[in-house]
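Reviewing the structure listed below.
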Amino acid sequence: MCSDQERQPGAPFDPSPGRALDRLVGLLAELGREGPEPVELAELLWLAARSTPDEEGGLGGGAGLARGGRGRAGGRGGYAEGEAAGARGRAGGRESRTALHLPSDDPADALGAAAPVPTPSAPMLARPLALQRALRPLKRQVPDPRRKLLDEAATAHRLAEALRGSPAGGAVPWLPVLRPGRERWLDLRLVLDTGPTMRLWRPLALELRTLLRQTGAFRQVELSALSAHGRLTDRQIGAERGAVLVLSDCMGPQWRPGPAGERWRRTLHRLTRRCPVAVVQPLPERLWRLAAAPVLPGLLTAPDAGVPNAAYGFSPFAEAPPGPGELVLPVLEPGAGWLANWARLVGSQGGGQVVGSALLLGPARPGGEPDGEPEALDPAELDPAELLLRFRAVASREAFALAGLTALTTPALPVMRLLQAASFAHPQPQHLAEVVVSGLLAEREGRPDQFEFRPGVRELLLHTLPRSTTRRTVGLLARVGEQIAARAGRVPSEIAALAAIEEPGAAVAVEQHAFALISPAALRVLDGPRSPLRQPVRTAGPGRRLPDPAQSRAVVLFAPGDPYGPLDRDELAARADLDALLAALGDRALIGLQQHRVRTGSDKLPGFLADLRLAAEEVRDTLVVYVGGEVGADPAGGLMLKLPRRSLRWPDLLDLVTGSRAANRVLVLDGWLGFGSPVPTEPAGLGSPVHQLIGLRPHGGRSLAARLHQLLREGEPDGRTELTARHLLRAVKAQAEPDHLIWARSPGDSFPLVRNAALASPRPAPVSTPYFYLSHAAAPGDRELVRQLFEDLCEAVYEASYLPSPEAAGFLDLPEWDSPAGRPQVPVDADHSAAVAALAGCRVFVPLYAPAYFRRAHCGREWTAFSRRPRGPGWSDGILPVLWEPLRPQELPAVAARLHYTDSGSESYARDGLRALTASPDRRAQYELVVHRLAARIVDLAHHARIPPGTPQGWADLPDAFTAGG
């Protein structure tokens with residue numbers, strides 16, 4: 001706008017303040033503002049400095065957003081930028097979002113003008129790939145007698161033989177060779193129970209049908225309906241090569257005594273004599289006792305593949321075997337493990353044997369309610385506090401947390417699925433079912449997928465939530481909005497949501513509690529209103545609290561120069577520094593990152609990348625990635641980690657960490673320069689949301705792990721009670737020696753990473769109280785087998801007890817670092833504090849007997865720590881030995897020889913040991929039987945022994961119980 005007299009073309013630009021003010025005065029004159037006063041100019045400049053223009057040239061800020069103006073998230077490319085920023089969880093950011101509500105039937109809830117927003121929900125089956133893999137035993141092909149295919153090779157061979165035996169030039173008659181075509185082995189019929197209690201699970205049935213069709217394991221997958229009167233809509237069910245899955249909660253009238261029950265029972269008898277039939281129960285196993293049909297756990301046996309249920313054998317664990325005329329009907333949860341067992345039972349050629357649950361159909365067990373059982377109480381007649389206490393006594397931890405989160409929003413089935421996806425790493429439909437059948441909710445008339453809390457229940461549930469959760473309600477709704485945005489335009493809409501608009505219109509009744517806060521970009525994808533009412537939202541990111549150990553992950557790669565030779569002195573020191581740092585991360589007084597959340601089991605790049613991708617998928621709070629090794633200059637600029645076969649470029653590693661689901665990310669590169677290597681330049685990545693700490697030291701210098709460990713353990717006397725990631729990175733950089741290169745980068749917002757050890761008050765050693773402690777002497781090659789046994793035992797003990805989760809069932813002291821022969825091996829828990837605490841509080845000590853076990857001093861110390869626990873006169877030792885590998889009686893020390901360890905009811909176990917059963921897929925059924933019996937004995941021994949907790953002892957003071965001195 002300036003004139004030619006002010007600036008000629010090609011003249012240099014003069015940035016002096018006087019020249020700039022003259023140009024501003026000229027611009028104001030052109031706008032009709034003659035001779036502004038100096039004070040007016042100063043106020044105008046002050047206002048301009050504190051105003052940020054948006055993409056349309058207007059003034060941004062809270063006022064503009066409150067009026068519905070378009071902020072950054074609403075401009076071009078705003079969807080990608082806004083959703084990425086939301087996924088990164090930057091604390092303290094301010095975004096413009098629109099609240100979504102469900103429609104209401106109460107005219108008193110009229111809010112104002114609103115427009116519909118068709119909104120998708122989250123799937124009930126969050127991990128369908130695992131379910132599809134579980135059905136692989138059924139993915140077989142058999143000859144198709146109805147279809148013939150040309151066998152080209154056989155036809156060419158026949159023609160050649162015909163030509164060789166015929167005279168030259170004569171006609172040769174020949175016919176093509178046909179072979180039978182191939183087709184899938186089974187047809188599958190999915191029967192949906194349409195009784196009054198099953199309307200909630202229709203989305204699960206549709207997802208299950210889609211999943212079964214996509215597996216490619218069946219010729220065709222058809223959907224039928226089972227009415228409440230016990231009739232099937234399609235009577236042509238039960239073909240010779242078919243299978244039937246009935247999706248039902250077993251609570252309707254067709255499962256109870258009466259005309260409908262008798263009719264459905266006759267149909268089931270007919271089906272189970274024709275083909276394999278099973279029930280898929282959406283409720284978790286702990287709630288099956290509420291169903292009308294009793295379910296018994298036991299051992300299922302099939303003599304051949306594809307036989308009907310009439311040929312099954314069933315041995316209940318605690319009841320009498322089936323009587324004459326009783327048929328076995330397997331019952332499954334919609335989980336990968338349950339479907340895998342059923343697929344092995346149906347598809348194993350030559351017969352299969354699995355551990356499972358089944359209900360018995362026959363005249364002796366009609367499937368009604370057991371005699372003498374009291375009638376179920378009506379939830380409407382119970383006090384709200386009693387309702388909540390009853391629910392808490394039987395509910396899983398995830399279900400109880402979901403009920404509390406639902407109290408913050410509107411209790412509707414699609415909304416609760418979105419809450420699950422936004423709040424839990426592994427959402428399961430069983431947890432949702434627990435909340436629905438808990439009695440806390442009452443179904444709304446005419447709306448089968450919407451509920452309302454019974455009087456007084458919502459207020460009590462809100463009191464059960466931590467204060468941090470209630471303060472972060474806005475953040476929860478924003479995460480639900482991100483779940484909606486991730487599915488917008490990709491899946492069909494399921495929720496008829498409403499959003500307030502600025503345009504005048506008739507008042508619309510909506511629910512008072514919003515269920516989501518959605519970004520403008522996602523609202524456009526959903527074909528929402530053009531002028532929605534927006535509100536500025538300060539996202540309460542996780543940066544205001546310490547990392548949640550259960551939602552955080554750490555991945556470590558330590559790459560020595562020679563992967564097959566011994567570590568040199570510098571590598572040994574760096575490795576020891578790393579182990580000490582990991583022990584500090586696991587200290588509950590600092591961070592408390594659980595040992596099995598730290599992935600340090602690989603010193604090769606492929607294993608590290610696989611661990612990193614898995615952790616990036618699981619993490620929700622904080623992701624810490626440590627990479628150590630020799631560093632060199634990247635030919636493309638920057639630096640890279642030198643590995644034996646391939647190198648790892650810094651930009652590639654940074655992209656992997658940035659793409660994780662973590663709210664907070666910390667990336668540490670602890671490298672040393674090789675002899676003669678050029679010094680690399682500072683890598684790019686300043687705009688990344690990752691906290692980066694890069695250290696390059698000469699060979700033999702002090703590692704970054706040592707510096708970080710010192711800061712974590714010593715803290716800062718003059719600092720705050722919690723140290724942020726940015727503070728730690730800067731403190732490490734300030735300690736750099738002259739010959740060290742350290743670069744520290746932090747995004748705009750930081751977060752507390754660790755408690756300040758200098759200000760923490762001394763606390764007694766914590767005492768862990770797991771059900772059992774699994775003691776072992778596994779070689780590096782057997783650790784995955786031990787881990788598998790531990791996880792299966794935890795799951796079995798969890799199912800047989802009243803524990804809140806499988807993680808509380810057991811403790812396994814398994815070093816995460818697998819070192820080749822010739823290298824020192826130091827466990828992550830260097831001071832054994834976690835193991836000592838678990839030994840002081842566990843109820844049962846489970847040693848894995850093997851020849852190597854009694855030669856290992858570590859195992860002898862564990863035995864001593866548990867044996868020193870105080871016991872009353874006549875009390876049990878609380879030790880349950882397990883035969884891991886066969887051993888001779890003379891190999892047993894005196895303390896172990898007096899205990900029985902072979903009476904598990906399995907000849908293979910007594911002869912070969914549990915390791916052989918664990919490693920052999922062909923003996924999976926025997927392995928599961930032994931595991932379930934061990935779990936039952938662990939629970940029984942824990943309840944009868946009741947050894948009181950002891951005081952954690954120093955590891956160095958514990959003698960070896962297997963030696964003469966011990």
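Worth a mention:
- Around the amide H of L533, modelled in the peptide plane, lie the amide H atoms of A500, I501, E502, all under 5 Å away and 5 or more residues distant in sequence or on another chain.
- Solvent exposure, largest accessible area first (probe 1.4 Å, DNA, RNA and ligands not counted), of M124, M251: M251, M124
- For the pair the stretch 835-872 / the stretch 316-351, the C-alpha centres are spaced 37 Å from each other.
- Taking all protein chains together, H900, H431 sort by accessible area into H900, H431, largest first [probe 1.4 Å].
- Diffusion of the stretch 184-361 by Stokes-Einstein, at 4 °C in a medium of 1.567 mPa s and with Rh set to the Kirkwood radius over alpha-carbon pairs, works out to 80 µm²/s.
- Global geometry of the stretch 552-755, whether rounded, prolate or oblate, following the gyration tensor of its Cα atoms and the 1.5 cut on a/c: rounded
- Distance (nanometres) between label positions extended 7 Å along Cα→Cβ at L382 and R263: 3.3 nm
- 1.4 Å probe accessible area per residue over the stretch 552-755, in Å²: 41 Å²
- Under 26 Å from K139, Cα to Cα: lysines that are on another chain or at least 8 residues apart: K148
- Spatial separation of Cα centroids for the stretch 123-189 and the stretch 686-751, in angstrom: 65 Å
- Charge sum, other residues only, whose C-beta stays under 15 Å from Q430's C-beta, Lys/Arg counted +1 and Asp/Glu -1: -3
- Our summary gives the stretch 552-755 a relative contact order of 22 percent, counting only alpha carbon pairs under 8 angstrom and 6 or more residues apart.
- Cα-projected label distance for R202 with E43, points at 7 Å along beta-carbon direction, nm: 6.4 nm
- Under 5 Å, built H, 5+ apart or other chain: amide partners of R182: D144
- Beta-bridge orientation, the stretch 552-755: approximately 35 percent antiparallel, per DSSP, counting only bridges with both partners inside.
The values are calculated or read from the model by the stated rules, or taken from the named source; none is laboratory data. Quick caveat, the model's predicted, so the values are computed rather than measured. Backbone-built Cβ (ideal geometry, glycine too); neighbour counts: all protein chains shown. Each accessible area value is taken on the protein alone, full model and side chains, heavy atoms only, with ligands, DNA and RNA left out. Shrake-Rupley method; radii C 1.70, N 1.55, O 1.52, S 1.80 Å.
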